[in-house]
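What follows is a set of notes on a single structure, which appears directly below.
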Amino acid sequence: MIKHIALILGLALMMGCSSSDDSGNGGSTSDNFDRSALLKNLADNIIIPSYQDFGSKLTTLKGSIESFVATPNQSTLEAARNHWLIAYKAWQYVEMFNIGKAEALNEYYFFMNIYPVTVLDIENGVSSGNYDLNTPNYHDAQGFPALDYFLYGVAEDDAAIVAKFTSDPKSQGYKDYLTAVINQMDRLTQQVITDWNSGYRDQFVNSSKNTATSSLNKFVNDFIFYYEKGLRANKIGIPAGVFSTSPLPNKVEAYYNGEVSKELALEALKAVQDVFNGKSFNGSGTGASFKTYLEYLKVDSGGQNLSAIINAQFNDARSKIEGLDSNFSQQIVSDNAKMTIAYDALQRAVVYLKVDMVQAFNISVDYVDADGD
Amino acid sequence: MLYDKEDSLNDLKGLLFGFMNTSFKTYLNKSTHPAPLAVFRIGFGVMMLLSIVRFWWNGWIETLYILPKFHFSYYGFEWIKPIGDYTYLIFTVCGISAFLIAIGLKYRMAIIMFFLSFTYIELMDKTAYLNHYYFISVLSFLMIFLPANAYFSVDNLIRKKTFTAIPKWTIDSIKLLVGIVYIYAGLAKINSDWLFKAMPLKIWLPSKYDLPFIGNSFMQQEWFHYAMSWSGMIYDLIIPFLLITKRTRWFAFGLVVFFHVFTRVLFPIGMFPYIMIVTALIFFDADFHLRILDGFKRILKFFRVQSAQLKAQSYHYKKQTLVLPIITLFFVFQITFPFRHLLYPNELFWTEEGYRFSWRVMLMEKMGNTTFKIVDAETGQGFLVDNSDFLTSFQEKQMSFQPDFILEYAHYLGDHFRSQGHKNVQVFADSYVALNGRLSQPYIDRTIDLYKEKESFRPKNWILPFHDEIKGF
């Protein structure tokens, strides 16, 4: 009889366990390392302040573009350009946060920073007045790269650019398209910021479990994805021709501006490294982060913690990038080898993040059954 | 009673020394009641049917076999590929044969169909390789030669006869196979990473922080990682003996249930724990199984057929002289094949030459990052490949740290770009791999044109050295 009871209990245990293991997010946990604290630090000291900073700079940019559209002249053009660069640099601190509303908008960054722009789409839109910036076809005809085109590349020199918005027969078309672009950017950005401020923050912070859909795991994946794709490939690798048979100097970020592709890349790398180290956006304090998590897990190699190795690799990549021409297109044309050296330095960190760090965190990715071999 | 209720000591002897014993012939002529084999057949069929349904339900037929553009093949089995939407048909055949096995209808045909369809599925793409899938293939092959429908089967009703005795070795052969699996899995755990570094459990267990009760306590403790490593090794090595010995059998079964349920909670290993629990029932005596079958009979009382209506007799192989050599060869293979890694000079965990099909379960935490460069040999110009253009994320993950995957994929890329008009195609891999908590290090010689390298069973000299040593099996 006891045997029967044992058997039934065993079966009940099996059923109980097999049904409970799929349960999803929620419930902040705290072992010796508090992952919830990591998420709190990310949300409160990095993500939300970065978005607020970006949001206000974008609003300023919107105002100066409205002034330019109202009275196009050299001085309003320059004001718009200045604020464009300020906002573009602030954007480098938020592009990696493709989570929550940003993701739900069918990838917010698709509407903000896909480059190079397709000039033909923009010019056709300007001529016909027929365009829908909400469709995927126009991902590469809006956002910062489209502003780059309007403010720097739409004509040969400054006078001619101003003329596009004044004396050109299609000037109204240019004004309308430019206004549509900045309005779209502002609208989407406000949606993302509002979402963070109205509940998503708590949802993000409380989802610290190790499941494929928890915000901790998604954030790690998003962070690495951005570093690999948004930073390493888009800013350096693709224009340097790493993925093509020949270099593509016209694929650099801020191509029409022609002076700031290095500056933007360095901002992006700083943003990545600050997130890695849990450094507050406003101020110099640091909190729980991937770095402190790796230290807690004691992931050491050759007497060094993996976080130190990763930081050293970031620093190495930075010094390689700093040695480049401020305009990557120029660098690619004059000496592309330096670009690929910078790419290699960035790539080595991809391996540390994607292989060593993810392995240490043992992020669960529920593809299929696995017995670990 | 028609079957002998031997004591455990003889059981043990029969299993371990049966083949060497002078009383080999006597052993072969021993018979036993077929109830354990019947319960095993039912359990196997039901578990397999559930596995297939679950696989289908999760959409894995689509994601693993239909969607990928490219499939990783086993060396020598390149001709086995998914067949588009007809792949569902293979799973249907597999599911139906599992059901037929469970009810014991046309058993011999059903188990052959099952073995073929299941093995075909496993050979379609090695990305999804799991030791327990291999176990199912091997077990179903063995079952082709066993009279698992001798008792409590629909075949009995159709033929109007049932068997009250079958050769004892038939049941023992399953026990032996299960014993080999456990013992080899235990031997593989006798290595310095597992025992003296608690790797990879030291990586895996702390990440289970969200388990109730134990997540934030035991799972974070280093001593617990070591305790789990050592007890896992000891469990694997002694559980077959505890199951064979009658005195410890219930205790052992309790351990089996506990161990496998625990691993199920910790790791995404699907149906495997349940299959092993059901499999362990084979070690129990016939009267235990008869009681289980009585339970089934009560449930099925509408379909109940008085066994008195069936002619009862003893089962004898018509061609035992043919079957026995096959079974013997099968076990010789099972015992020797997992040791083939001894023929390779390099670290087994690093090169994985001889790693699969040898019951090395959950021994490694290994990840990699591998990118490929297509180069024109004449001009030296080249470009990197975006792996996601060709592979699913799961395929890319598996490809990145396994040399045979890397080579096969390199050839696929070479062929692809040549057909696109690229000339003088060379394929180079830039690969980093991290094993059991060691920092990632270069894995593949990046100066070697992989497009020129051929797959074979010979050691792969383009894998870079490991620069460390893992002692043990």
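Here is a list of conditions, (1) in contact with a Phe, Trp or Tyr (Cβ under 8 Å, 6 or more places away or on another chain); (2) outside any helix (DSSP H, G or I), and residue B:213 meets all of them except one; can you say which number that is?
(1)
Only one of these conditions is not met by residue A:247: (1) over 30 Å from residue B:420 (Cβ atoms); (2) not in a helix (DSSP H, G or I). Which number is it?
(1)
Scan the range B:433-444 for residues that are more than 28 Å from the chain's Cα centre (by Cα), surrounded by 18 or more Cβ atoms within 10 Å (Cβ to Cβ) and not aliphatic (A, V, I, L, M) and jot them down.
Residues satisfying the conditions are B:440, B:441.
From the list A:115, A:227, which residue is hydroxyl-bearing (Ser, Thr, Tyr), at pLDDT 95 or above, outside the structural domain of residue A:345 (by TED's automatic domain parsing) and under 18 Å from the mean Cα position of the chain (by Cα)?
A:115
Out of (1) closer than 24 Å to residue B:134 by Cβ; (2) touching a Gly at 6+ places or on another chain (Cβ under 6 Å); (3) of a type outside the set (S, T, N, Q), what's the single condition that is false for residue B:208?
(1)
Somewhere in the range A:313-335, is a residue surrounded by 15 or more Cβ atoms within 10 Å (Cβ to Cβ), within 14 Å of chain B (Cβ to nearest Cβ) and under 30 Å from residue B:222 (Cβ atoms)?
Yes: one or more hits.
Can you list the helices (runs of 4 or more DSSP H) lying wholly within the range B:96-183 that have 2 or more residues being within 14 Å of chain A (Cβ to nearest Cβ)?
In the range B:96-183, B:107-124, B:131-143 are the helices (runs of 4 or more DSSP H) which contain 2 or more residues that are within 14 Å of chain A (Cβ to nearest Cβ).
Taking residue B:287 as meeting all but one of (1) under 28 Å from residue B:190 (Cβ atoms); (2) at pLDDT 85 or above, write down the number of the exception.
Answer for residue B:287: the failing condition is (1).
For the range A:338-363, give me each residue that is at pLDDT 95 or above and small (Gly, Ala, Ser).
A:342, A:345, A:349
Suppose the filter is over 18 Å from the mean Cα position of the chain (by Cα) and over 21 Å from residue A:33 (Cβ atoms); does residue A:197 pass it?
On the way: over 18 Å from the mean Cα position of the chain (by Cα): yes; over 21 Å from residue A:33 (Cβ atoms): yes.
So residue A:197 fits the description; yes.
Report every pair of residues separated by at least 6 positions or lying on different chains whose Cβ atoms are under 6 Å apart, first residue within the range B:314-325 and polar (S, T, N, Q), second surrounded by 14 or more Cβ atoms within 10 Å (Cβ to Cβ).
Pairs found: B:314/B:165.
Looking only at the range B:375-424, count how many residues are facing chain A (nearest Cβ under 9 Å) and of a type in the set (A, V, I, L, M).
Qualifying residue count, the range B:375-424: 2.
Give the residues of the range B:246-275 that are hydrophobic (A, V, I, L, M, F, W, C), in contact (Cβ under 8 Å) with a residue 12 or more places away in the chain and either at the interface with chain A (Cβ under 8 Å from one of its Cβ atoms) or closer than 19 Å to residue B:128 by Cβ (or both), sorted by residue number.
Selection gives B:257, B:261, B:265, B:267, B:269, B:271, B:272, B:275.
Any chance you could count how many residues in the range A:176-217 are outside any helix (DSSP H, G or I) and crowded, with 22+ Cβ neighbours inside 10 Å?
Within the range A:176-217, residues that are outside any helix (DSSP H, G or I) and crowded, with 22+ Cβ neighbours inside 10 Å number 4.
How about the range B:184-210: which of its residues are in a helix (DSSP H, G or I) and among the hydrophobic types (A, V, I, L, M, F, W, C)?
Residues of the range B:184-210 in a helix (DSSP H, G or I): B:184-188, B:192-196, B:201-208.
B:185, B:187, B:188, B:194, B:195, B:196, B:201, B:203, B:204, B:205, listed by residue number.
Evaluate the range A:26-33: report whether one residue or more is more than 25 Å from residue A:199 (Cβ to Cβ), touching a Pro at 6+ places or on another chain (Cβ under 9 Å), surrounded by 15 or more Cβ atoms within 10 Å (Cβ to Cβ) and modelled with pLDDT of 65 or more.
For the range A:26-33, residues more than 25 Å from residue A:199 (Cβ to Cβ), touching a Pro at 6+ places or on another chain (Cβ under 9 Å), surrounded by 15 or more Cβ atoms within 10 Å (Cβ to Cβ) and modelled with pLDDT of 65 or more: present.
Determine if the range B:23-33 includes at least one residue that is of a type in the set (Phe, Trp, Tyr), at pLDDT below 95 and more than 30 Å from residue B:392 (Cα to Cα).
Checking the range B:23-33: at least one residue is of a type in the set (Phe, Trp, Tyr), at pLDDT below 95 and more than 30 Å from residue B:392 (Cα to Cα).
Go through (1) within 11 Å of chain B (Cβ to nearest Cβ); (2) touching a residue at least 40 places away in the same chain (Cβ under 8 Å) one by one and return the number of the condition residue A:348 breaks.
Unmet condition: (2).
If I go through the range B:141-168 residue by residue, how many of them are surrounded by fewer than 23 Cβ atoms within 10 Å (Cβ to Cβ), touching a residue at least 40 places away in the same chain (Cβ under 8 Å) and more than 25 Å from residue B:300 (Cα to Cα)?
Selection size over the range B:141-168: 4.
Across the range B:374-417, which residue is nearest to residue A:359 (Cα to Cα) among those that are assigned to a loop (DSSP other than H, G, I, E, B) and among the aliphatic types (A, V, I, L, M)?
The extreme case among them is B:391.
Given the residues B:401, B:394, B:333, which is the only one that is aromatic (Phe, Trp, Tyr) and touching a residue at least 60 places away in the same chain (Cβ under 8 Å)?
Exactly one of B:401, B:394, B:333 is aromatic (Phe, Trp, Tyr) and touching a residue at least 60 places away in the same chain (Cβ under 8 Å), namely B:394.
The values are calculated or read from the model by the stated rules, or taken from the named source; none is laboratory data. Since the model is a prediction, treat every value here as computed from it, not as a measurement. Don't worry about glycine lacking a Cβ; one is built from the backbone with ideal geometry, like all the others, and counts go over all protein chains shown.
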